[in-house]
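This report concerns only the one structure given below.
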Amino acid sequence: MSRNTQTKIVLKEDQYKKLSRTFGYYFSDLTIKTAFFHNDITSFDFQKAIIIHTISIATGAKFIKSPELMKLYGSMDVKFPTEHQVPCSALSVSEATGLPRETTRRKIKEMVAEDLLEEDPRGGYRLKSGILQRPLVQTRMEEFVKALVRVVNVGLDLGVLEATEVNGEIRFNRRTDPVDSDGAAGERSRRPGT
């Protein structure tokens, strides 16, 4: 699916208010998957988790804005060259997260020692080369994505979420099959009535 796709999934607020507890149950499952992802990477140190995600977003800014780089390095199986990462300073991370400067610096130094981050010769920090290719990171990311898909599918099933129509084509319809235990998606209609 192209990033230029006009399809959007929107929250149906009235239906959400009626079913927020039910939807919240599945969202909690997603939150737990996220927590375990962070446990394996940062040992439940959520300040480190916030910092590493902030650095990941900042250093990947060039990637996300470049269709050419996305085509070459879109898979987590492929290392993203360090020359394409934009390093960020501890001060910018502190400002972006609201964490105290000294806490941010200390946590970054710890993550450098833990081989999660590395100093960039241009100054600042970036993700450690190859971190996304680590089997544990890829396994946890896949589990997280499946949990996210499950939450979206449940939201569509409950009528809490709805896809908007673009150019006369419905990209996602509410599913009629039940959500299976691993969150796998059922077949979706590409056009109304099919």
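A short reminder: the numbers here are calculations on the coordinates, not readings from a lab. Keep in mind the model is a prediction, meaning the values are calculated, not measured. Glycine gets a Cβ as well: all are built from the backbone with ideal geometry, and neighbour counts include every protein chain shown.
Structure summary
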{"read-out": "Extension gain (nm, one decimal) between residue 56 and residue 129, 0.36 nm per residue minus Cα-Cα", "value": "25.1 nm"}
{"read-out": "Amide H contacts under 5 Å for residue 161, placed H, 5+ residues apart", "value": "12, 156"}
{"read-out": "Size of charge dipole - region 82-144 - debye, nearest 20, with Cβ of Lys, Arg +1 and Asp, Glu -1, no other charges", "value": "160 debye"}
{"read-out": "Stretch gain in nm, segment residue 146-residue 119, where the contour uses 0.36 nm per residue and the Cα spacing is subtracted", "value": "6.5 nm"}
{"read-out": "Protection-proxy order for peptides 152-160, 96-104, each taking the mean of Cβ atoms within 10 Å per residue, highest first", "value": "152-160, 96-104"}
{"read-out": "Segment residue 82-residue 13, extension gain: residue separation times 0.36 nm, minus the distance between their alpha carbons", "value": "20.6 nm"}
{"read-out": "Spatial extent of region 1-157: Rg and Dmax, with the Cα atoms as the point set, Å", "value": "17.6, 54"}
{"read-out": "Highest to lowest packing among 25-31, 85-91, 72-78, scored as the average C-beta count within 10 Å", "value": "85-91, 25-31, 72-78"}
{"read-out": "Spin-label proximity, residue 97 to region 41-72 - amide N less than 16 Å from point 7 Å beyond Cα toward beta carbon", "value": "41-60"}
{"read-out": "Restraint check, 18/146; 33/109; 8/65, Cα-Cα greater than 22 Å", "value": "18/146; 33/109"}
{"read-out": "Which of 121, 44, 111, positive extreme of dipole for region 12-132 (C-beta unit charges)", "value": "44"}
